Amino acid sequence: MDIIVEKLVKTYGPQKAVDDISFKVNTGEVLGFLGPNGAGKTTTMKAITTFLIPDSGNIYIGNYSVGTNPEEVKQNIGYLPENNPLYEDMPVIDYLKFVGELQGITKEKITDSLLSVIDTCGLEAEKHKKISELSKGYKQRVGLAQALIHNPEVLILDEPTTGLDPNQIVEIRDLIRKIGREKTVILSSHILAEVEATCDRIMIINKGKIVADGTNVELRKQAHGNDIIKVRIEDNDTNSIYEALSNMENVNMVDIIDAKKNRFQIDSAPNSNIAASIFSLCVEKKWVLTELIPVETKLEDIFKEVTK
Ligand code: ATP
């Protein structure tokens with residue numbers, strides 16, 4: 001099922017938490033929702049999941065409107081809210097059964113639903129433990145299991161790995177990737193590497209507005225028009241090399257990274273194929289080129305650029 005958000009606005013007093021945003025998430029896509037604190041991620045997710053009524057705008061889950069068909073929307077959405085609220089005194093299996101019943105799963109089907117989410121979320125060994133006795137990573141698995149119990153087509157996960165240790169993060173990420181093969185997922189996160197590793201597409205929101213949207217590769221292209229290349233040239237005359245590189249056509253800037261090793265960073269106009277020109281220059285000058293490495297713009301840099 002697709003998620004369609006049209007001209008969504010939500011204000012708190014004078015503040016626009018979400019400021020007229022529109023986007024679509026296609027069936028089977030995993031969208032990473034990034035943004036600094038207070039950007040409007042949770043507000044958007046709450047509006048999609050019917051937990052919050054927006055001031056204006058439309059949201060559709062498949063053909064169902066969040067405003068006019070909230071029950072149908074809820075049946076098709078699984079939601080893991082920020083901070084993963086759980087009934088800690090309940091054993092895992094009882095809690096999941098309870099949530100399943102709230103979701104309207106019939107008595108005949110509940111056992112199959114429980115078995116399925118316990119298996120998917122790797123909870124078999126912990127299913128009889130009280131939730132309060134579980135590690136944080138396993139509590140997060142229970143949070144995911146409750147979001148999945150009614151086998152929804154759409155999953156909304158608000159910072160699903162916050163507070164987990166690196167091993168737990170990897171486990172939950174793998175789990176989300178596995179789930180993402182079959183479902184439409186929106187996942188918010190502060191961890192850029194996580195979004196890069198888990199999501200097909202990245203959307204960055206800042207002060208309630210979408211400031212970047214695309215695949216990893218597309219964002220890199222949009223954010224940094226220039227091509228950056230690192231080179232190392234084996235010759236004694238650093239100054240001559242620096243000068244020759246700086247005077248090349250399409251070169252905007254040359255930085256000396258390491259004067260002893262003659263390593264330079266060259267910032268050039270986009271699509272100017274500077275690597276070929278550097279190679280020709282070295283041949284002409286009889287310099288030995290021992291490194292030529294294109295530098296990728298990091299998602300971190302893109303994030304900083306669009307949210308500053
Ligand atoms: P974080 O990454 O810190 O969780 P976020 O991107 O999820 O942030 P939101 O929780 O959506 O951001 O908040 C967006 C803005 O709306 C913030 O400035 C927040 O203070 C404000 N806000 C959210 N909920 C309320 C509320 N119930 N009353 C008043 N202001 C609110």
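Return the only residue of 185, 170, 231 being more than 30 Å from residue 290 (Cα to Cα) and open to solvent by less than 60 Å² (accessible area, probe 1.4 Å).
185
Inspect region 50-61 for any residue being buried (at least 21 other Cβ atoms within 10 Å of the Cβ), assigned by TED's automatic domain parsing to the domain that holds residue 138, assigned to a helix (DSSP H, G or I) and touching a Leu at 6+ places or on another chain (Cβ under 7 Å) and give the result as yes or no.
no
Only one of 110, 118 is modelled with pLDDT of 90 or more, more than 16 Å from the ligand (Cβ to nearest atom) and within 30 Å of residue 193 (Cβ to Cβ); which?
Just one listed residue meets the conditions, 118.
If a residue has to be assigned to a helix (DSSP H, G or I) and either at pLDDT below 90 or not aliphatic (A, V, I, L, M) (or both) to count, how many in region 145-184 make the cut?
16
Tell me, which strands (runs of 3 or more DSSP E) lie completely within region 198-269 with 3 or more residues that are under 21 Å from residue 33 (Cβ atoms) and at pLDDT 90 or above?
Fully inside region 198-269 and qualifying: 201-206, 209-214.
If you check every pair at least six apart or on different chains, which have Cβ atoms under 6 Å apart with a residue in region 27-41 that is among the hydroxyl-bearing types (Ser, Thr, Tyr) first and a residue that is away from the ligand (no atom under 13 Å from the Cβ) second?
Here the result reads 27/1; 27/2; 27/184, each pair linking region 27-41 to a residue that is away from the ligand (no atom under 13 Å from the Cβ).
Any residue in region 271-283 that's free of Cβ contacts under 8 Å to residues at least 24 places away in the same chain: show its pairings with residues that are open to solvent by less than 50 Å² (accessible area, probe 1.4 Å) at Cβ separation under 7 Å, as long as the two are six or more apart or on different chains.
Correct list of pairs: 279/289.
The values are calculated or read from the model by the stated rules, or taken from the named source; none is laboratory data. Just so you know, these numbers come straight off a predicted model, no measurement behind them. No Cβ is skipped: glycine too gets one built from the backbone with ideal geometry, and neighbour counts run over all protein chains shown. For the accessible areas, the whole protein counts, side chains as well, though only heavy atoms, and no ligand, DNA or RNA atoms are used. Shrake-Rupley method; radii C 1.70, N 1.55, O 1.52, S 1.80 Å.
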